[in-house]
1. Which of the pairs LYS168/LYS251; LYS218/LYS310; LYS94/LYS320; LYS231/LYS310 have their Cα atoms more than 30 Å apart in this structure?
2. From the backbone phi of region 240-248, what are the Karplus-calculated ³J(HN,Hα) couplings (6.51 cos²θ - 1.76 cosθ + 1.60, θ = phi - 60°) in whole Hz, Gly and Pro given as x?
3. If I take all pairs of Cα atoms in region 123-243, what percentage of them are more than 21 Å from each other?
4. What list of ³J(HN,Hα) values in whole Hz, one per residue of region 185-192 in order, does the Karplus curve 6.51 cos²θ - 1.76 cosθ + 1.60 (θ = phi - 60°) give from phi, with Gly and Pro shown as x?
5. Can you give me the distance in nm between label points at TYR90 and ASN133, each placed 7 Å from the Cα along the Cα-to-Cβ direction?
6. Out of ARG41, ARG49, ARG234, any idea which swings most in a Gaussian network model of the chain, alpha carbons joined below 10 Å?
7. Which ordering of TYR27, TYR223 is given by a fewest-first count of other beta-carbon atoms within 10 Å?
8. For the chain, take the longest principal axis of its alpha carbons; what is the angle in degrees between that and the long axis of helix 162-182, to the nearest 10 within 0 to 90?
Amino acid sequence: MRYKTLLITGGAGFIGSNLAVYFKRKYSQLKVIALDNLIRRGSELNLPRLKENGIRFIRGDIRRPKDLVLDFKPDLMIESSAEPSVMAGYSDPKYIIDTNLMGTVNCLEACRRYKTDIIFLSTSRVYPYQEINKVKRTETVSRFEWRLRGIDEAFTINGPKTLYGATKLSSEMLLREYAEDFGIKGVINRCGVIAGPWQFGKVDQGVFTYWMLAHYFKRPLKYIGFGAKGKQVRDLLHVDDLCNLIDLQVKSLNKINGSVYNVGGSRASSLSLLETTELCRKITGNKVSIGRELKNRPGDIAVYLSDNTKVNKDLKWQPKQPVKSILGDIFRWIRSQEKGLRKL
């Protein structure tokens, strides 16, 4: 590891905390600092875990430039802070712009100030939902299917993509300008659905953890839109597989500088909501009531599958965790943290 000091923004969140623990455990001499505003409920449960692993925590908000005036000089930043909810853009546009765009600007300014390289976690939502929904699909007993392998980096970015997607794409564009103008090395990962332990799933993001939480605590669910049959499909990637990828990217940053990668579970690791329901029932032994709402949510898509061809080629990386293993890990984590999660 040629880097000495790693700053992870959103460091008490799901992805950020897992990355912090992964890098500190693997590279014990690396200084790992997690910065987070703790706005998201559940993130406070990660603080003891960070402390136990020797990770310094700073309570700070990327929306405030002064919070990124640091008493240390990071030579690498993993930017994993964001408002991850697509629906948040419809209820509070200014909030999502301030967080996901202006917050990134403040992070990039810190990178410019300290000459810090950056790994940026973007989203598959940079691709327009209307164009994704135009991809021809068929319907089977349990899911919608594509003949298309998945969405690759050449897929169009022209068209509405929700404010969430638009702010992340804008952040990508600014990162590339900062990298070119100020000599910062950077890589962009357009992530599909990431899942695993320490994710506090909600109805509009973190869907697979949300589904398992609902089954574990016997709470009702609902199929929304696209016929309300639960046949919408997403690929899912275990957070440990994402950590392994980012580790490879850090080691290869000179070679892959400026690259943009689609990163997800791909077709091999994908589930419909209907299939997820069946797996959650088997794993938990619980059956919950599932309502139906025919109307599509704004910006929703029927299917999303990541095409990992480019990242596989460049870094010889591919996901290792199958869907049953991912859901099983989530279940075991919920069981081990039941008391704290029940309060949430």
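What follows draws every value from the coordinates through simple rules; no lab data is involved. Only a predicted model underlies this, so the values are computations on that prediction, with no experimental measurement involved. Ideal geometry is used to build each Cβ from the backbone, glycine not excepted, and the neighbour counts take in all protein chains shown.
1. Over 30 Å apart, Cα to Cα: LYS218/LYS310; LYS94/LYS320.
2. For region 240-248, the Karplus-derived couplings read 5, 5, 5, 4, 4, 5, 5, 4, 4 Hz, x marking Gly and Pro.
3. Working: 3846 of 7260 pairs.
Here the tail beyond 21 Å accounts for 53 percent of pairs.
4. 7, x, 9, 10, 10, 8, 7, x
5. Distance between label points: 1.1 nm.
6. Judging by the Gaussian network model, the answer is ARG41.
7. By the 10 Å Cβ count, ascending: TYR27, TYR223.
8. 20 degrees
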